[in-house]
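Colleague: I'd like to ask you about the structure that follows.
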Amino acid sequence: MNDSQLGMSPDATDSKVVATRLSTRPGSELRPRKRTWQGSDESRPRASLADWPDLPGYEPLCVLGQGGMALVFEARQIKLDRIVAVKVAWPDSIELRARMIREAKLAAAIHHPNIVEVYDLGEHGDAMYLVMERLRGSLDELQVQVGKQPDPWKVATMITPLARALAELHHAGILHRDLKPANILLDDAGQPKIADFGLARSLVGQATTLTRNGVIVGTYQYMSPEQFEGSDLGPASDIYSLGTILYELLTGVPPFRGANPLDLMFRVKHWEPIPPRKLNPLIPADLEAICLTCLEKKPARRYPNADALAEDLDRFLNSKSVQVRATSPLVRLWRNLKQRPLCLALSSGGVFVLIGLTTASIIQTVLLSQTLLQSEDRIRRLEAETFVQTEHQEEQRRQDQERLDQLGKSLDLLIQATKPALFAARQQAFFPQNRFRPLETFEEPFLATMLEKIHQATDAAIEATENATTRTALSLRTEAWHCKALLAMISNKFGNLDTSLHHWVETAERLDPFDQAISAEHLDALTGAVVIGLHQNRLDLAKHYLERLEAIQPNTPFVQDLRHRVESREQP
């Protein structure tokens, strides 16, 4: 069991927690010393009961966890005969001593069923100790239990009391600043509780000095954009962190990952998260809207307070309309394009190139740009994951990277193919007086080239991941089949029914209908094959794929309508 399962992490400055000093305060050192169990995670020896400081009134039972500056023990409080968690530290600086005192005072000031209770704070010799409620489960464990396809309603039920507990903290003038799954503990009944106030501060008074001195505190993956800036924080920052927990419970991955802290910081501040329903299609749209509202870049766009978040979660659980609405796909696309000048130029250039074509053509060009953005984001996400793989996975990591590079190079060919048209579009847009109008030469050939390059990239990715077993390769395979479905739709829009049918049939035959990651593409393929079969009067083909579609979704109105259309064609 690790230290996060206890109520508090052993130390707010351990390897999992950010405490990056942008300025130092001379003279804060007391008595520098290093105990035998202290040091980096890799080098320090495992702590034992021999490190127990012989606190009066407590009987040690076992070591629960250790950090860089503290140990956490399970102990029995002798007088009350109850099991507690005891966090023990030997503070070598005024700051660490003040942090432990502040942690105890802030936690003890709140009494809420979803906040870990603190019983006592004391000193014994040169050791300080914090006694708190002993809990035996953590949200980290729950994430493993729920798996890749969690029940969205159970997740919402878990997050709702946390939002109310967070509101209670904010009403009391306390900002947590380090909400993450490891700091959400579970009691014996499975109820979640907020723990670890080691980085918390008061929203008023002198406790704000940590941020004023330019210290960035928190845990990278769960920090808000403004938290990375080291600026003054408000309740909206905690709401963002709770939103990242909601996102991770719903999808199995955090909203952002990076190869290093700077890469992650850039993504958190500038990138839009992948909509949760793209990763888990079982998530209802209202719950996705709640999650993405918490993850808005600007604090003013998030929920005004944690009470409002809890109320919206209650509405969702009671099948009522929520107060927020998901950001439209076009708005999300625009926000992403603003952070990627090349894709922005590609999208705008594509519009100029396709002047004179149908509205559907322009819409499909925008969809292609969006697909590029999603592919780029997926590639960077998967590349980042390779940095945390262990040595014995090195060979598998190399193979996965080759697959990623293959798709990346193919997509790069698409971008290169657009450069002449992009140059012409810019000339016409910014220098209309020159009447530089070579755009018509790029219309149909340009579109054909673009589609062909996407086709090549898709087939290459599918071939490279045919026998995928790793998470990286499976994710890349999902992205490739998504592109294949898009190709079929585009071909259909431009009247290339034979090409569209070829893509739909290939997708329907090769995909596993029970693979949740690509179930939507499989259903689209079956539907597309039926519709085109009807259009081309190929009733045997239409009936074949309709029967497969009915086996998966037998009672949906759309499938019943397709059945009616097929039967009406069979009548003499």
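Colleague: How far apart, in nanometres, would the label points at ARG569 and SER319 be if each is projected 7 angstrom from Cα along the Cα-to-Cβ direction?
Modeller: 3.7 nm
Colleague: If you plug each phi of segment 265-277 into the Karplus form 6.51 cos²θ - 1.76 cosθ + 1.60 with θ = phi - 60°, what whole-Hz ³J(HN,Hα) values come out, in order, with x for Gly and Pro?
Modeller: Working through the residues one at a time gives 4, 4, 5, 4, 7, 10, 8, 8, x, 5, x, x, 5 Hz.
Colleague: List every residue whose amide H lies under 5 Å from the amide H of LEU64, counting only residues 5 or more places away in sequence or on a different chain, with H placed 1.01 Å from N in the peptide plane.
Modeller: VAL72, PHE73, GLU74
Colleague: Mind listing the long-range amide H neighbours of ALA259? Cut-off is under 5 Å, sequence gap 5 or more, other chains count too, H placed in the peptide plane at 1.01 Å from N.
Modeller: Close amide H contacts, sequence-distant or interchain: LEU264.
Colleague: Another question, then. Please compute the net charge surrounding PRO152, taking Lys and Arg as +1 and Asp and Glu as -1 over other residues with Cβ under 11 Å from its Cβ.
Modeller: It works out to a net charge of -1.
Colleague: Right, here's the next one. What pairs in LYS87/LYS193; LYS154/LYS193; LYS180/LYS297; LYS154/LYS278; LYS87/LYS269; LYS87/LYS180 have C-alpha atoms more than 23 Å from each other?
Modeller: Listed pairs above 23 Å: LYS87/LYS269.
Colleague: Per residue of segment 241-253, what does 6.51 cos²θ - 1.76 cosθ + 1.60 with θ = phi - 60° give for ³J(HN,Hα)? Whole Hz please, x for Gly and Pro, Karplus curve as stated.
Modeller: 4, 5, x, 5, 5, 4, 4, 5, 5, 6, 10, x, 9
Colleague: Taking amide hydrogens as modeled 1.01 Å from N in the peptide plane, which residues meet the under 5 Å criterion relative to VAL253, leaving out close sequence neighbours?
Modeller: Result for VAL253 returns nothing.
Colleague: Rank the residues THR157, THR293 as a footprinting-exposure proxy: fewest other Cβ atoms within 10 Å of their Cβ go first.
Modeller: THR157, THR293
Colleague: Just to be sure I understand the model, the point goes 7 Å from the Cα along the line to the Cβ. What's the resulting GLU509 to ASP81 distance in nm?
Modeller: About 7.4 nm separates the two model spin labels.
Colleague: Rank-order 297-308, 525-536 by packing density, defined as the average count of other C-beta atoms within 10 Å over each peptide's residues, highest first.
Modeller: 525-536, 297-308
Colleague: Next question, about the same structure. Once phi is turned into θ = phi - 60°, what whole-Hz ³J(HN,Hα) does the Karplus curve with 6.51, -1.76 and 1.60 give for every residue of segment 302-312, x standing for Gly and Pro?
Modeller: Ordered by residue, 3J(HN,Hα) equals 7, 4, x, 7, 5, 4, 5, 4, 4, 5, 5 Hz.
Colleague: How much FRET efficiency would the formula 1/(1 + (r/R0)^6) give for PHE266 and ASP232, where r is the Cβ-Cβ distance and R0 is 22 Å, rounded to 0.05?
Modeller: With R0 = 22 Å, the Cβ-Cβ based efficiency is 0.50.
Colleague: In nm, give the distance between the simple-model label positions of GLU59 and LYS297, each being 7 Å from the Cα along the Cα-to-Cβ direction.
Modeller: In this crude spin-label approximation the distance works out to 5.9 nm.
Colleague: Kindly state, to the nearest 0.05, the FRET efficiency for GLN191 paired with ASP151, given R0 = 22 Å and r defined as their beta-carbon distance.
Modeller: Step by step, r from the Cβ atoms, then E = 0.85.
We did not get these values from a lab; they are worked out from the coordinates using the rules stated. These figures come from a predicted structure and were not determined experimentally. Please note: Cβ atoms are built from the backbone with ideal geometry, for glycine as well, and neighbour counts cover all protein chains shown.
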